[in-house]
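Heads up, the thing below is written out as structure tokens.
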Amino acid sequence: MTQMLENLPIIPLFQDLSPDQATMLMSIFERFICPSGTVIFEQGDAAEYLYLILKGKAAISYKPYDAPRILITRLKDGDVFGWSAAIGGKRYTSSVASETDLETIRIHRQDLWSLMDDHPETGRIIIDRLALNVSSRWKNAHEQIKRFIDSERK
């Protein structure tokens, strides 16, 4: 845990936060490390975590019920995956597997929702920053995610 706190300033997600905000986030984000070739989650698995890649590469794929698996995109340092956990989906809508050794931090869906309820300013900063990371994969993702979060909080 201490090592994660030391790494927080170099993670863009946590830059320019107060020491109290950084300490609080350290307590709800956890490290997740896996070797190349690991299936992190399968399409249809319970959506439990939102991940931020610190180091490594992963691939998102989708399996239509009547066709072969489709590669959606490749992810790298700084990219985010597992959005179903953040936006209220019960199941992941795609699969993610590591293509190299992968180092991430992740937040459990309940901890993210609690952050939004208990510390709305910090929660909004984190959601806004995470949403900016998917904009190249999802047209208007930032606005879609913000609208969803705003509607859930009213």
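Read the figures in this text as sums done on the coordinates, not as results from a lab. Just so you know, these numbers come straight off a predicted model, no measurement behind them. For neighbour counting, all protein chains shown are included, and Cβ atoms are generated from backbone atoms with ideal geometry for every residue, glycine included.
Under a 5 Å amide H to amide H cut-off, with H placed in plane at 1.01 Å, what residues pair with Thr38 once short-range neighbours are removed?
Ser98
Given H placed on each backbone N at 1.01 Å, which residues far from Ile72 in sequence or on other chains put an amide H within less than 5 Å of it?
Placed amide hydrogens put Ile60, Ser61, Tyr62 under 5 Å from Ile72.
Subtract the Cα-Cα distance of Asp118 and Val39 from 0.36 nm times their separation in residues, and report this length gain in nm to one decimal.
So the extension gain works out to 25.2 nm.
Once you put a point 7 Å from the Cα of Thr23 and another 7 Å from the Cα of Lys63, both along the Cβ direction, what distance in nm separates them?
Here the modelled spin labels are 4.6 nm apart.
How far, in nm, would the chain grow between Gln110 and Glu30 when pulled straight, counting 0.36 nm per residue and subtracting the alpha carbon separation?
27.5 nm
For the stretch 1-132, count the residues as N, evaluate 2.2 N^0.38 Å, and divide the Cα radius of gyration by that value, please.
1.06
Could you calculate the contour length gain from Ile70 to Gln15, that is, 0.36 nm times the residue separation minus the distance between their Cα atoms, to one decimal place in nm?
16.3 nm
Quick one: Karplus J couplings for the stretch 109-120, per residue in order, coefficients 6.51, -1.76, 1.60, θ = phi - 60°, nearest Hz, x for Gly and Pro?
Using θ = phi - 60°, the values come out as 3, 5, 5, 5, 5, 5, 4, 5, 6, 8, 9, x Hz.
For Asp79, which sequence-distant residues (separation of 5 or more, or a different chain) have an amide H within less than 5 Å of its own amide H, given hydrogens modelled in the peptide plane?
Under 5 Å from the amide H of Asp79 lie the amide H atoms of Ile53, each far enough along the sequence or on another chain.
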